[in-house]
Amino acid sequence: MDIGKTMKERQELMERLKDSLQKELVACEIREVTQKGEPEILWVLFDELGQDNEEGVLGEFYFLPPLSGEDEVQLFSAVLTISDRIDKNKLPELFEMMSYINFRIPCGSFSIDREQEVIVYRLTTPLSAEMEKEELFGEMNICMTNALVAADMYLDLLLKINAGEAGLKDVIAEISGY
């Protein structure tokens, strides 16, 4: 893998993804890289995820930096911020609920950041470093779509627990189908 060529292609693909979202009237922008080695991140505001989510979800999409020119795999990540406010009293329920959800979810996982301030859904997809540009763009779209679909499945449940509108037993019953 030629790292310089790969980075240029990634930048072009991120611009193309941004343009395609903006054509669909989705608010998005590419964050300016401020430090060498930082990934270029496409920020996207999704305002239609979840039934009761009035604030929307911030999506961040990016390639992890290559480790060397010999990498055979490149990693494309989707991180969706579900909530940037966590009721600290609800942390035990949130952690337990996320373990049940993560067991059932087909890909990716929900998690809480180290500072316990943010609930996110994260999906990182390994892709061949040898993919042609068009195929890679298609896989970026698939990763983004998979992240949105998987997060949307349980987003409302997590928000209800965090807001104190549902207890863990209610949610377990709901995801178990009882």
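The values are calculated or read from the model by the stated rules, or taken from the named source; none is laboratory data. On a predicted model such as this, the values are computed, not experimentally measured, just so you know. Note: ideal-geometry Cβ built from the backbone for every residue, glycine included; neighbour counts use all protein chains shown. The protein model used for the area step is the full one, side chains on, heavy atoms only, and it has no ligands, DNA or RNA in it. Shrake-Rupley method; radii C 1.70, N 1.55, O 1.52, S 1.80 Å.
Observations
- Calculated from the structure at hand, Cα extents along the principal axes in Å is found among (i) 52, 34, 31; (ii) 44, 37, 27; (iii) 62, 30, 25 as (i).
- Difference of contour (0.36 nm per residue) and Cα-Cα distance, LYS88 to THR124: 10.2 nm
- Longest stretch of the chain clear of exposed loop sites (GluC sites (Glu not before Pro), DSSP loop, at most 13 other Cβ atoms within 10 Å, sites excluded): 73-114.
- Sites ASP113 and ASP2 - FRET efficiency at Förster radius 22 Å, r taken between beta-carbons, to 0.05: 0.05
- Scaled against 2.2 N^0.38 Å for its residue count N, the alpha carbon radius of gyration of the stretch 28-113 is 1.33.
- Note on the stretch 96-175: along the principal axes its Cα atoms extend 48, 28, 17 Å, ordered by decreasing extent.
- Trypsin sites (Lys or Arg not before Pro) lying in DSSP loop within the stretch 59-95, provided at most 13 other Cβ fall within 10 Å: ARG85
- Loop-located trypsin sites (Lys or Arg not before Pro) in the stretch 1-68 (DSSP state other than H, G, I, E, B) with a sparse environment of at most 13 neighbouring Cβ atoms within 10 Å: LYS36.
- Mean sequence separation of contacting Cα pairs (under 8 Å, at least six apart), scaled by the length of the chain, corresponds to a relative contact order of 20 percent.
- For LYS18, a cut-off of 18 angstrom between C-alpha atoms picks up these lysines, skipping any fewer than 8 places away in its own chain: LYS8, LYS133.
- Straight-distance crosslink candidates among lysines, where the alpha carbon sits under 25 Å from LYS169 and sequence neighbours closer than 8 are dropped: LYS88, LYS90, LYS160
- Note on LEU45 and ALA163: their simple-model spin labels are 2.0 nm apart, each label 7 Å out from Cα toward Cβ.
- Accessible surface, per residue, of the chain when the full set of protein chains is kept, probe 1.4 Å, Å²: 58
- Of the chymotrypsin sites (Phe, Trp or Tyr not before Pro) in the stretch 93-169, those whose Cβ has at most 13 other Cβ within 10 Å and which sit in DSSP loop: none
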